[in-house]
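The values are calculated or read from the model by the stated rules, or taken from the named source; none is laboratory data. None of these values were measured; they are calculated from a predicted model. Surface areas here come from the heavy atoms of the whole protein model, side chains and all, with no ligands, DNA or RNA. Shrake-Rupley method; radii C 1.70, N 1.55, O 1.52, S 1.80 Å.
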Amino acid sequence: QVQLVESGGGLVQPGGSLRLSCAASGSIFRTMIMAWYRQAPEQQREWVATITSGGDTIYGDSVKGRFTISRDNDKMTVYLQMLSLKPEDTAVYYCKAVRNGLAYWGKGTLVTVSS
């Protein structure tokens, strides 16, 4: 079993930055593929970024060049650094862990980009 708890969301002005964190517990974090997704009101959940157990990263087109995913295996935490935020980045951001073919989700943290 894997438990994920996101934090770091909040209200930020356009052009601002935030860093989201996702703390994991209950399993061998360093072997897990970690990802961030987001879901805006009345929209489908959208993949944002993934980081493999080896540290390779990949990003969705809408966030490439602005967001950075990283992980700290000792702290069992994955991060999402978000820069140059836009109103369209407003969403609930979810952390996902994949291990042995099973997916685990956190409950999300709300990011609101507004002036």
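In whole Hz and in residue order, list the ³J(HN,Hα) couplings for the stretch 109-115 that follow from phi through the Karplus curve 6.51 cos²θ - 1.76 cosθ + 1.60, θ = phi - 60°; x for Gly and Pro.
Taking θ as phi minus 60°, the curve returns 9, 8, 10, 10, 10, 7, 8 Hz for the stretch 109-115.
State in Å² the accessible area per residue of the stretch 62-109; use a 1.4 Å probe, count heavy atoms of protein chains only, and round to the nearest integer.
Accessible area per residue: 50 Å².
Suppose the chain between Arg19 and Leu102 were pulled fully straight at 0.36 nm per residue; how much longer would it get relative to their current alpha carbon spacing?
Extra length from Arg19 to Leu102 when fully extended: 27.2 nm.
Give the Cα extents of the stretch 20-71 along the principal axes, in whole Å, largest first.
Principal extents (largest minus smallest coordinate, Cα): 34, 23, 16 Å.
Equivalent-ellipsoid semi-axes (√(5λ), Cα gyration tensor) for the stretch 11-115, whole Å, largest first?
23, 14, 12
With the other protein chains left in place, how much accessible area per residue, in square angstrom, belongs to the stretch 18-58 at a 1.4 angstrom probe?
That works out to 55 Å² for each residue.
With all protein chains present, how much of the accessible area of the chain (probe radius 1.4 Å) comes from carbon and sulfur, to the nearest whole percent?
Percent of accessible area from carbon and sulfur atoms in the chain: 48.
Kindly state, as a whole number, the per residue volume in cubic angstrom of the convex hull around the alpha carbon atoms of the stretch 1-44.
Taking only Cα atoms, the stretch 1-44 has a hull volume of 118 Å³ per residue.
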